[in-house]
Structures are given as C-alpha cells and as structure tokens.
Amino acid sequence: MVSEEEVRKNVLEVIVAVSPDIDLTNLKPDQRLRDQFDLDSMDFLDIVMELRKKYKIEVPKEEYPLLATLDSAVTYLFPKFNKS
C-alpha cells in the first residue's frame, strides 16, 4: 500500500520531470500549482500524461480540476495508487 506521503512525493517528482526548473522550496500545498509555478495548460497536460505513463493512472478530463493543488491531487490520486 502506498502512503499519502509517497503519493505526494510521486506527484512532486512528476511535476519536476515536466518542468525541471521549478523550485519547490516555497510550495504551498493548498494553493493552485499552475499559479505558484506559472504552469501553462500544456505543462498541466504533460503532468497528467506523465502520471498515466509512469503510474498507469488515468485522469478523465472532467476530473482535471481535482489536481489543481498538491493537497487535492494527493487526495484524488491516493485511492488510484492503491487499487489492486
């Protein structure tokens, strides 16, 4: 079973893989990632695609808003990481 902390770490790794120059030092987990890191829509789609490629996690388009903040992404993705 993957812990919430491991999910958080995995999400951050994906974000850095998509945008390597991001500085996570002042990350506010309850604020929108796109606003904090000036991610555009293509960066966001790349994050979703990387989650699919690396972890086999499908995120339907209508659920993209659930990935807006780090906290909401962890809450949304936690059960998906732990499917049998």
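Looking at this structure, is TYR55 of a type outside the set (A, V, I, L, M) and within 11 Å of the chain's Cα centre (by Cα)? Considered against the rule, which asks whether it is of a type outside the set (A, V, I, L, M) and within 11 Å of the chain's Cα centre (by Cα), TYR55 comes out as no. Looking only at the stretch 30-52, decide whether some residue is open to solvent by 60 Å² or more (accessible area, probe 1.4 Å) and within 24 Å of MET1 (Cβ to Cβ). Yes, the conditions are met somewhere in the stretch 30-52.
When residues in the stretch 1-18 are screened for being free of Cβ contacts under 8 Å to residues at least 24 places away in the same chain and surrounded by 16 or more Cβ atoms within 10 Å (Cβ to Cβ), 0 of them pass.
Filtering the stretch 24-34 to residues that are among the basic types (Lys, Arg) and either outside any loop (DSSP other than H, G, I, E, B) or in contact with a Gly (Cβ under 9 Å, 6 or more places away or on another chain) (or both) leaves ARG32, ARG34. With respect to the conditions (1) loosely packed, with under 11 Cβ neighbours inside 10 Å; (2) outside any loop (DSSP other than H, G, I, E, B); (3) acidic (Asp, Glu), ASP21 falls short on a single one, namely (2).
Here's the yes/no breakdown for (1) in contact with a Lys or Arg (Cβ under 7 Å, 6 or more places away or on another chain); (2) modelled with pLDDT of 95 or more:
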residue	(1), (2)
GLU5	no, yes
ARG8	no, yes
VAL14	yes, yes
ILE22	no, no
ARG34	no, no
ASP46	no, yes
LEU66	no, yes
ALA73	no, yes
SER84	no, no
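Based on this model, can you work out whether THR75 counts as open to solvent by 90 Å² or more (accessible area, probe 1.4 Å), part of a helix (DSSP H, G or I) and of a type in the set (Val, Ile, Thr)? The answer is yes for THR75. Cβ separations smaller than 7 Å between residues 6+ apart or across chains give the following pairs from the stretch 47-63 residues that are closer than 14 Å to ILE15 by Cα and free of Cβ contacts under 8 Å to residues at least 12 places away in the same chain to residues that are exposed (fewer than 12 other Cβ atoms within 10 Å of the Cβ) and acidic (Asp, Glu): ARG52/GLU58.
The values are calculated or read from the model by the stated rules, or taken from the named source; none is laboratory data. Note that this is a predicted model, so its numbers are computed, not measured. Note that we place each Cβ from the backbone using ideal geometry, even for glycine, and neighbour counts take in every protein chain shown. Keep in mind that these areas ignore ligands, DNA and RNA; they rest on the heavy atoms of the full protein, side chains included. Shrake-Rupley method; radii C 1.70, N 1.55, O 1.52, S 1.80 Å.
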